[in-house]
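First up is the structure itself, then whatever we jot down about it.
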Amino acid sequence: WRRYFGHPDLTAFVERFGERIDAAGLGVMPIADIGQPRGGPITGHVSHEIGLDVDIWLRLDLPRLDPDARNELTAVSLVSPATGEVDPELWTPAHAEAIRLAAIDDRVARIFVNPAIKRALCAMEWEDPSWLRYVVPWQGHDAHMHVRLHCPDDDFRCENQGAPPEGTGCAALMENGDSDPERGDMYGRGATPRPPGVLPRQCVNVYSLPAAQ
């Protein structure tokens with residue numbers, strides 16, 4: 001699947017993140033879905049449409065792989081189905097540090113992870129926990145983190161989401177269980193599906209262009 005296209009800001013973030021992971025000696029993290037060549041709706045996602053979202057698998061047990069081997073990879077959930085919390089046999093401080101290294105990037109608007117993963121992060125001691133504000137508990141996301149960037153500075157048509165609530169979000173998560181503090185529901189479970197969006201005129205123009213050779 002051709003799902004590895006993103007805005008230059010996103011590709012630059014992925015490169016910076018990879019350098020930070022390497023410098024920290026954490027290993028290799030597979031980059032999963034980004035976006036389609038021309039953007040737009042993508043199956044299996046309700047975002048990833050404008051080149052500012054990337055899924056990063058939470059696997060640190062892999063060597064560098066060739067393309068064929070990467071295509072055979074499977075995701076590994078870090079959340080135990082028996083307890084609904086992170087699996088102590090799989091979750092490590094290295095996973096937490098990898099999420100922190102992504103969250104401290106100044107282009108990152110928010111990072112979606114499973115509520116169990118956010119709880120595990122909240123339970124840890126951090127010298128500066130302010131980055132936890134940008135880690136948002138969300139349905140699924142038990143095998144990867146979904147990183148979303150701010151709009152590019154020079155794109156006046158792109159509208160940023162509102163900033164996450166002040167604070168780390170830990171108290172709200174512990175008080176509300178699996179509720180998402182941004183939405184107030186059970187992080188999307190049972191919610192009415194959103195109707196299909198209407199593509200902006202600019203997108204229609206892009207889709208009408210002949211395919212690149």
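Since every read-out is calculated from the coordinates, none of them should be taken as a lab result. Only a predicted model underlies this, so the values are computations on that prediction, with no experimental measurement involved. Glycine gets a Cβ as well: all are built from the backbone with ideal geometry, and neighbour counts include every protein chain shown.
Distance between the 7 Å Cα→Cβ label points at Ala171 and Ala23: 3.4 nm. For His144, the residues whose modelled amide H falls within less than 5 Å of its own, excluding neighbours fewer than 5 places apart on the same chain, are Leu58. Converting phi to 3J(HN,Hα) with the Karplus coefficients 6.51, -1.76 and 1.60 and the offset θ = phi - 60°, the stretch 24-34 yields 7, x, 8, x, 10, 10, x, 8, 9, 5, 10 Hz in sequence order, with x at every glycine or proline. The H on the amide N of Ala109, modeled in the peptide plane, is under 5 Å from the matching H of Arg148, Leu149, His150, each at least 5 residues off or on a different chain. In this rough spin-label picture, where each label sits 7 Å from Cα along the Cβ direction, the Thr92-Leu73 distance is 1.5 nm.
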